[in-house]
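In what follows, a structure is listed as structure tokens, so that the remarks can point back to it.
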Amino acid sequence: MLEAKQDTKKIASFLLQEIDRLITKPVRLMEVCGTHTVAIFRAGIRQVLPTQVELVSGPGCPVCVTADEYMDMAIAYAKRQDVILATFGDMLKVPGSTSSLGEAKANGADIRIVYSPLESLEIAANHPDKNVIFLAVGFETTAPTAAATVLSAAEKKLKNFFVLSAHKLVPPALKTLLVDPEVKVDGFILPGHVCAITGEEPFQFLPEQYHMPAVVAGFEPLDILQTVYLLAKQIHDGRTSVENEYKRIVKKNGNPVARQMLAEVYEPADAIWRGIGLIPNSGLRVNERYQSFDAQVALPIEVEKTVKQTACRCGQVLRGLIKPTECRLFGKACLPEHPVGACMVSVEGSCAAWYKYGSGRYQYGTGNN
Amino acid sequence: MCLAVPAKIIDKKDQLAVVELSGVRRDVSLLLLPEAEVGDFVLIHAGFAMQIIDQEEAEKTNELLKEMNGLA
């Protein structure tokens, strides 16, 4: 094991030296996935990279980009006596316009936390008198699990299970960032587990249309260093392509079975992203064939429209325009225990990660800040 | 949210597999990965197996994780 540790160290030093040699001007690389954001902080990657290389977080945390409108609707459903809401745990604290699911739960709403969407089928089977709604959030990684759950519900002929979809697709969001003149990015660290489903093809537009280097990345510290090295090489050589650093998981064609299930149940639809706004065809809604499982169709509900006044700058954080520390609420009015914006809610949100792991640039081994 | 962990399949019945994860056994669905077999290392996300991992690579990942957590 000691040997492995030393090997890791040796490889890391080599990669860092190479990155330093290849990068001759300041570059900004965007990690699109919240799981990467956390991995980068935990391993202290920012601190060991050459100062010319800046890593910036993108809109890659599904909880963080879930809009107020969706949360308001979820809260409205939760308040109904005939409804049990099933959700991943980190949705509880996400603020809607005026309240959160956590508050609704404290006030008596029946909200159950599930680890897998399949657990909501058990809840539905055990409570035939209630309507069980699963809050279907997540990117291409998670959406197939919700699709498979809908298909299981259909097979089991469950009449009291529904999904409320806020699924989002990564490529349309990247396109939106690239046409935004405010956003400055020189390369993308692509979300490995999204690509495990989609394969490489949906990201080919990055080099082909936008001349943007892109590398599919794993989540270990060495994966990320290797990815930055491959991006540095593309930038240095002035060429762009989609490269795959995470071959042990990501096949060129992704997971076709998962994609087929996704297409069976869902279809692309316009979606609102917190902080970005409406992006055409960037979401998924239940298609006509499975409409009886779509909460919005089967159990329509009126939600009052409210406009929230807030100094929260989540939107700029999500586009990599500002660091979380530049928001005046950060660490003061907005804390993980009391989040104002969704980026502070999820452990994978940029603000929560900055708050938990700190952000100082520390020159490794020199003792200089 | 896209967090996923490697685990080894130790039993399989139709579309359900039992995996061992850090010494704990749990059920995962094979609906999205029907080709997975007993002995395969798979990547688990939200109770589903998502992709088969090369065994050597999985062990390497585990070692790295242990190392990061100061267990090695």
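Each value in this text was obtained by applying a stated rule to the coordinates, not by laboratory testing. This is a predicted model, so every value here is computed, not measured. With ideal geometry, Cβ positions are generated from the backbone for all residues, glycine too; neighbour counts draw on all protein chains shown.
Per residue of the range A:104-109, in order, report the coupling 6.51 cos²θ - 1.76 cosθ + 1.60 (Karplus, θ = phi - 60°) as ³J(HN,Hα) in whole Hz, putting x for Gly and Pro.
Values, residue by residue: 4, 5, 4, 8, x, 5 Hz.
Taking amide hydrogens as modeled 1.01 Å from N in the peptide plane, which residues meet the under 5 Å criterion relative to B:LYS12, leaving out close sequence neighbours?
For B:LYS12, whose amide H was placed from the backbone, the distant partners under 5 Å are B:VAL18.
Under a crude label model (7 Å from the Cα following the beta-carbon direction), how far is A:TYR357 from A:GLN291 in nanometres?
4.5
Counting Lys +1, Arg +1, Asp -1, Glu -1, what net charge surrounds A:GLN309 among other residues with beta carbon under 15 Å of its beta carbon?
+3
Using the count of nearby Cβ atoms within 10 Å as a rough guide to exposure, how do A:GLU220, A:GLU18 rank from fewest to most?
By the 10 Å Cβ count, ascending, the order reads A:GLU18, A:GLU220.
Using a 10 Å cut-off around each Cβ, can you sort A:TYR357, A:TYR115 from fewest to most neighbouring Cβ atoms?
In increasing order of surrounding Cβ atoms, one gets A:TYR115, A:TYR357.
Once you have the Cα-Cα distance between A:LEU335 and A:GLU182, take 0.36 nm times their residue separation minus that, and quote the gain in nm to one decimal.
Contour length minus Cα-Cα distance gives 52.4 nm.
So if we plug the beta-carbon distance of A:GLU122 and B:VAL38 into 1/(1 + (r/R0)^6) with R0 = 30 Å, what FRET efficiency do we get, rounded to 0.05?
0.75
Counting only residues 5 or more places away or on other chains, whose amide H sits under 5 Å from the amide H of B:LEU21 once H atoms are built in the peptide plane?
B:ARG26
In the protein assembly as shown, if the dipole is taken from +1 on Lys/Arg beta carbons and -1 on Asp/Glu beta carbons about the Cα centre, which of A:LEU85, A:ASN244, A:GLN291 is farthest to the positive end?
The residue sitting farthest along the positive end of the dipole is A:LEU85.
Only bridges with both residues in the protein assembly as shown count here: give the DSSP antiparallel percent, nearest 5.
About 50 percent, rounded to the nearest 5.
Could you check the simple spin-label distance between A:LEU299 and A:ASN253, using points 7 Å along Cα→Cβ, in nm with one decimal?
With each label point 7 Å from Cα toward Cβ, the separation is 3.9 nm.
Return the single residue from A:GLU31, A:GLU267, A:GLU304 with maximal mean-square fluctuation; model: Gaussian network over chain A, springs between Cα atoms under 10 Å.
Ranking A:GLU31, A:GLU267, A:GLU304 by mean-square fluctuation puts A:GLU304 first.
Roughly how many nanometres apart are two label points built 7 Å out from the Cα toward the Cβ at A:ILE113 and A:GLU201?
Using points 7 Å along Cα→Cβ, the separation is 3.9 nm.
Whole angstrom only: what separates the Cα centroid of the range A:250-306 from the Cα centroid of the range A:24-51?
Between the Cα centres of the range A:250-306 and the range A:24-51 lies a distance of 31 Å.
Using the Karplus curve 6.51 cos²θ - 1.76 cosθ + 1.60 with θ = phi - 60°, what ³J(HN,Hα) values do you get for each residue of the range A:23-38, in whole Hz, with x for Gly and Pro?
Couplings: 8, 10, 9, x, 10, 10, 10, 9, 8, 8, 10, x, 5, 5, 3, 5 Hz.
How much net charge surrounds B:VAL38 when only other residues with a Cβ under 15 Å from its Cβ are counted (Lys, Arg +1; Asp, Glu -1)?
Overall, the nearby charge balance is -3.
Near the amide H of A:VAL56, under 5 Å away, which other amide H atoms are found, from residues 5 or more places off or on another chain, if H is placed in the peptide plane?
A:LEU29, A:MET30, A:GLU31
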